[in-house]
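Following: one structure in structure tokens, then a few remarks.
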Amino acid sequence: MATVVATKITDESLLSTLRDVVSERPEYIYSSPEHMQVPDERATCFYVHKDEDGSNVAAGCAIGVVLSRLGVPLEELERHEGSGAWTLLGKLAPKLKRRTRDQLSSMQTNQDSGEPWGLAYAKATGETI
């Protein structure tokens, strides 16, 4: 199935929604559902969380939540599991500025390293929540 290009996602809408998501839970430390853990224990996030039956139930990591709020269907996000934020954003919103993609990629890396969303955001954007 072809990738949905989310033309309504702009640099401004993406960064504003990221700020909103992080503001709601700045102390949250991402963890994937136990039944979705990867066996080698490397830091990883999932754009979409599934229930134990394998059904999509909710957006997962910060980037997944942001894109879901901007209208990207969970099924589309699921197709990109394993891709970094940089690659995902390049496919879904190819007109984004490099700086925006860098910031979201950094946010994902910081989150995957176990940092609370507020700190991950601050390191990625230079702004505090």
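The values are calculated or read from the model by the stated rules, or taken from the named source; none is laboratory data. All values reported here derive from a predicted model rather than from experimental measurement. Cβ: placed from backbone, ideal geometry, glycine included. Neighbour counts: every protein chain shown. Please note that ligands, DNA and RNA were not included when accessible areas were found on the heavy atoms of the full protein model with its side chains. Shrake-Rupley method; radii C 1.70, N 1.55, O 1.52, S 1.80 Å.
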- Query: Got a sec? Which of Gly118, Gly60, Gly71 is small (Gly, Ala, Ser) and closer than 19 Å to Lys8 by Cα?
  - Reply: Gly71
- Query: Just one of the numbered conditions (1) within 20 Å of Tyr121 (Cβ to Cβ); (2) modelled with pLDDT of 95 or more; (3) open to solvent by 30 Å² or more (accessible area, probe 1.4 Å); (4) not polar (S, T, N, Q) is not true of Pro73; which one?
  - Reply: (1)
